[in-house]
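Structure record follows, encoded as structure tokens.
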């Protein structure tokens, strides 16, 4: 009986520990506003490690199992005033975690529209949401050669002059 109780507490501890290592919608929104060193500390604290750099080192990719988070900078040329912007992209294969993030997004952002896209090798749904200063895109993606869905959330600055 003692072993059973110990096993139950042990499994609950690791289940809560692993779920606590994921990101919330608010953390992703705040990560977009954070400096790169603060972002790096956040992802390291959640067990993510540096995977690689992309696009002439303007994008840094971190992984933790099947989950991927990226921090990238781009130039916003709204009103011909170029500004360096930050975007965050989080990718997962977990439908449960994607639905969890989607519910948090619905609670913290205003729904805009949904797009259905079909290409030769890929099809996806894109749900668009807006906050006061960010555009949030949730993707449900399927590739023809891999029928296992793939989920992604991207958070960008809204093009506005402040």
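Read the figures in this text as sums done on the coordinates, not as results from a lab. Owing to the predicted nature of the structure, the values given are computational and were not obtained by experimental measurement. Cβ placement follows ideal geometry from the backbone for every residue including glycine, while neighbour counts extend to all protein chains displayed.
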Cβ-based exposure ranking for 95, 138, in which fewest neighbours within 10 Å come first: 95, 138
Paramagnetic reach from residue 85 in region 91-135 [backbone N under 16 Å; point 7 Å along Cα→Cβ]: 128-135
Length released on extending from residue 93 to residue 52, taking residue separation times 0.36 nm less the Cα-Cα span: 12.8 nm
Residue order, fewest to most beta carbons within 10 Å, for 151, 74: 74, 151
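Using 0.36 nm per residue of separation minus the Cα-Cα distance, give me the extension gain between residue 119 and residue 142 in nm, one decimal. Display every interim value, and only then the final one.
Working: separation 23, 0.36 × 23 = 8.28 nm, distance 1.04 nm.
Working it through step by step, the gained length comes to 7.2 nm.
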